Amino acid sequence: MKPKYTSLRGVRDILPDELRNWRIIEDKARELFRRYNYREIETPIIEPAEMFVRTVGEESDIVRKEMYIFKDRGDRLVALRPEGTAPVVRAFLENNLYIPGRVAKFYYIGDMFRYDRPQAGRQREFHQIGIEALGESSYILDVEVIMLLLEFLEELGLADTILLLNSVGCPNCRPEYSKALREFFIPNSSELCEDCNVRLENNPLRILDCKVEGCKEIVAKAPSIIDYLCDDCRTHFENVRSVLDSLGIRYVLDTRLVRGLDYYTKTTFEVTVSGLDLSIGGGGRYDGLIKDLGGPDLPGIGFAIGMERLFNVLKDKNLLLKEEEVPDYFVIYDSTLVTKAIILSRLLRYKGFIVEMSYTAKSLKSQLKEADRSKAKKAIIMREDLLVDNKVILKDMTTGEQEEVGLDKLEVSLIGQRI
Ligand SMILES: [Zn+2]
Ligand SMILES: [Zn+2]
């Protein structure tokens, strides 16, 4: 069918079969995050645009090219959230959720918006599952957060994940590194893309995640941040690595891993699977973000997983439920028994069964055809001559076998038994 309107480029419908698998993934996340003492939070889809410009960074691709930004009717500059961390931190501060001495742990599940070029695994409206842990600077929390991300993917059946790890330093050591990067890139500036030449002026670190091939080649030879970490950042990173080693969690050190957002400090990480050149999820520390949003000088760390990408990977690896959910019963009835058919359907639904019924009291034969089309497992045929004796016909729609059963007996025998 060709509708008058179709969905916009870069956004799409999530259809029932797919959504059913999404909900299973989300339920697993909720259950696991709960065990790590995270609590769910939901923030608005619209936020002040300025908040993302400030936190994600003026030179980031997100702010420069990808943010959905508009003036509302009250002349306020509004953005559709391009990411989930700044909103959670804002909510944490605005609602006074900080309890001194306690780590505040939140998770969220929701859609984000970036005006990116649509391609496989990249959409303009995409969905993320993320966590944020606020108020603790210990490397032990870094390890726990990374472990949680890997454990979640493992629970979904993804065992062959690759963990990429880096440290992006802090405001103490990063200026020195930025200077070194600038000195390295200036002689090569003619080979860098236009955007990177702007970045060279304002934030050379952003050149490291440029997607242009020519820039990538030069970036490969650039100085590594690891050599510029201050004592604090170095010790922190060594501790993270040493605990990961002790736990037998393997990782690949990737010194170009700076993530596309300015607020990251110290540990950054991403998870991918072999053969996929996109990451499924990632995150890092953001020790200056809470203060930057007007709060106390508290550290924070979190990660986000891209639902669409995760879903595609699970689908490729055959890790999704494929069976369509079908009715347990289809109720068929003589036209005089409409009320009784409605009541029986309701009783069975009350017991937890998926029940469908015919909505037009046609002949029993045509209702049976309807039951067949619905793919129901069993049909219950309510016939006037049998119902006087409290009996119905139970028909197995797969084998075609049928038997007369007492209605009471049917209910009793069905309790706790899903057919
Ligand atoms: Zn540092
Ligand atoms: Zn570039």
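The values are calculated or read from the model by the stated rules, or taken from the named source; none is laboratory data. In this text, all values refer to a predicted model and were calculated from it rather than measured experimentally. Note that each Cβ is placed from the backbone with ideal geometry, even for glycine, and that neighbours are counted across all protein chains shown.
All conditions but one from (1) of a type outside the set (Lys, Arg); (2) closer than 26 Å to ILE129 by Cα; (3) assigned to a loop (DSSP other than H, G, I, E, B); (4) at pLDDT below 95 apply to ASN312; the one that does not is (3). For the range 101-128: of the residues being out of contact with any helix residue (DSSP H, G or I) (no Cβ under 8 Å at 6 or more places or on another chain) and part of a loop (DSSP other than H, G, I, E, B), which is modelled with the highest pLDDT? That would be ARG124. Under the condition of being at pLDDT below 90, farther than 17 Å from ASN166 by Cα, in a helix (DSSP H, G or I) and within 10 Å of ligand 2 (Cβ to nearest atom), the residues counted in the range 200-228 number 0. Of all residues in the range 113-140, those that are surrounded by 17 or more Cβ atoms within 10 Å (Cβ to Cβ) and within 18 Å of the chain's Cα centre (by Cα) total 14. Does ASN21 satisfy being farther than 30 Å from VAL212 by Cβ, surrounded by 15 or more Cβ atoms within 10 Å (Cβ to Cβ) and in contact (Cβ under 8 Å) with a residue 60 or more places away in the chain? Yes; evaluated as a whole, the condition is true for this residue.
Look at ILE380 and say whether it is over 18 Å from MET397 (Cβ atoms) and not assigned by TED's automatic domain parsing to the domain that holds ILE25.
no
If you go through the range 335-363 and keep only what is modelled with pLDDT of 95 or more and charged (D, E, K, R), you end up with just GLU356. In the range 203-227, the residues that are away from ligand 1 (no atom under 16 Å from the Cβ) form Cβ pairs under 8 Å with partners that are at pLDDT 90 or above and polar (S, T, N, Q), at six or more places apart or across chains, as follows: ASN203/SER178; PRO204/SER178.
Condition first: closer than 17 Å to LEU407 by Cα, in contact (Cβ under 8 Å) with a residue 60 or more places away in the chain and surrounded by fewer than 16 Cβ atoms within 10 Å (Cβ to Cβ). Now tell me which residues in the range 334-362 satisfy that. Matches in the range 334-362: LEU347, LYS351.
When every residue of the range 373-394 is checked against the conditions, none turns out to be in contact (Cβ under 8 Å) with a residue 60 or more places away in the chain and part of a strand (DSSP E or B).
Annotation note: of LYS375, LYS322, LYS365, the sole residue that is among the charged types (D, E, K, R), surrounded by 13 or more Cβ atoms within 10 Å (Cβ to Cβ) and not assigned by TED's automatic domain parsing to the domain that holds GLN119 is LYS375.
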